[in-house]
Amino acid sequence: MRKITYGEGIREALREKMLENKDVVLLGEDVGPYGGTFGVTKGLWEQFGEERVRDTPISEGVIVGASVGAAATGLRPVAELMFIDFLTFGMDGLVNQAAKMRYMFGGKISVPLVLRLPAGGGISAGAQHSGSLEAWVTHVPGLKVVYPSNAADAWGLMLTAIDDDNPVVYIESKVLYSQKSEVPDKVSKVPFGSAAIAREGADVSIITYGKQVHDALKAAAALAKDGIEAEVIDLRSLYPLDKETIFRSVAKTHRALVVTEEVKRGGYGGELSALVSEQCFDELDAPVVRIGALDSPVPYSQVLESLVLPSVEDIVKGVKEMF
């Protein structure tokens, strides 16, 4: 085992696949010599050249559109948008083309596209650079969506994403890029639809992903001091979703709390909550609790940002209210 950062995990997966398959190409704003806005692609332009690591104009519509065309004609592009918030400019290419093309062509075409989307708050980047918009893409048939919480999963999920013949939305937590965690000497692919139990417990199931996995683990440690043992589920893959791991956990704990960084209203957390309520109703000893961001754009002020986004304390409070 060795320790690397979350960003390095993504980079090493990209490097591994680019060495393995010459059809894997990278494109996006400043992914070349600059190494990407958050340094994830650093060194890849020097290693693979500008033909395979391409800087693009400042146009998310162009980045997504070019990636869809490249994927449909034989390449395996990995495109990066600087922030998930800018996906608004690329939604037509992603939702109306990439997600639907295979279906509309009767399965005669593949779109092996990976779209990297840095997401979330926590770095005082302001309202237009701090979104958590996973609900937009999990809602679209034809898209697969993943959201790793650590370096090993970031690596393993990227390996799977690049090999997949369908468009994959790969969401990355900005605050985790520099966070180190252990990875094995040989990293294996992480199957989509495979959740991980980050912490075992018997009293409540905390269902989450991305940065909130770390918050949930901190909350679980605090709850343990009061005799409440929380089980933390790291979904890793938002679609396809590992429902069975969720159901087994809730059948054991009889309580469920869903925590996501997105605005609570209309969020993916509501889908998870509804799923548990519908499928595990007879197992529940209390209503499912949802924790999410306040109904507000994410403020630039660090003090206000921390107020708007969900916290460890919010998770602890939500669990204790169940008891």
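The values are calculated or read from the model by the stated rules, or taken from the named source; none is laboratory data. What you see is a predicted model; the values in this text were computed from it and never measured. Methodologically, a virtual Cβ is constructed for each residue, glycine included, from the backbone with ideal geometry; neighbour enumeration extends over all protein chains shown. Surface accessibility is based on the protein's heavy atoms, side chains included, excluding ligands, DNA and RNA. Shrake-Rupley method; radii C 1.70, N 1.55, O 1.52, S 1.80 Å.
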> Among the residues of segment 231-263 satisfying the criterion of being among the small types (Gly, Ala, Ser) and in contact with a strand residue (DSSP E or B) (Cβ under 8 Å, 6 or more places away or on another chain), which is surrounded by the most Cβ atoms within 10 Å (Cβ to Cβ)?
Replying inline: ALA256
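Here is a yes/no grid of residues against (1) polar (S, T, N, Q); (2) over 28 Å from LEU304 (Cβ atoms); (3) out of contact with any Asp or Glu (no Cβ under 7 Å at 6 or more places or on another chain):
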| position | (1), (2), (3) |
| --- | --- |
| PRO112 | no, yes, no |
| GLY131 | no, no, no |
| ALA135 | no, no, no |
| ALA161 | no, yes, yes |
| ASP164 | no, yes, yes |
| SER173 | yes, no, yes |
> Out of all the residues in segment 206-230, which are open to solvent by less than 10 Å² (accessible area, probe 1.4 Å) and not in a helix (DSSP H, G or I)?
Replying inline: ILE206, ILE207, THR208, TYR209, GLY210, ALA230
>> For segment 51-102, give me each residue that is under 17 Å from VAL114 (Cβ atoms) and either among the charged types (D, E, K, R) or outside the structural domain of TYR147 (by the TED database) (or both).
In response: ARG52, ARG54, GLU60, ARG76, GLU80, ARG102
>> Residues to consider are SER277, SER273, SER296, SER306; find the one that is hydroxyl-bearing (Ser, Thr, Tyr), crowded, with 17+ Cβ neighbours inside 10 Å and either assigned to a helix (DSSP H, G or I) or over 19 Å from the mean Cα position of the chain (by Cα) (or both).
In response: SER273
>> Can you list the helices (runs of 4 or more DSSP H) lying wholly within segment 1-112 that have 3 or more residues being open to solvent by less than 60 Å² (accessible area, probe 1.4 Å)?
In response: 6-20, 60-72
>> Take the residues in segment 128-165 that are within 14 Å of LEU113 (Cβ to Cβ) and part of a loop (DSSP other than H, G, I, E, B); name whichever of them is least open to solvent (accessible area, probe 1.4 Å).
In response: LEU143
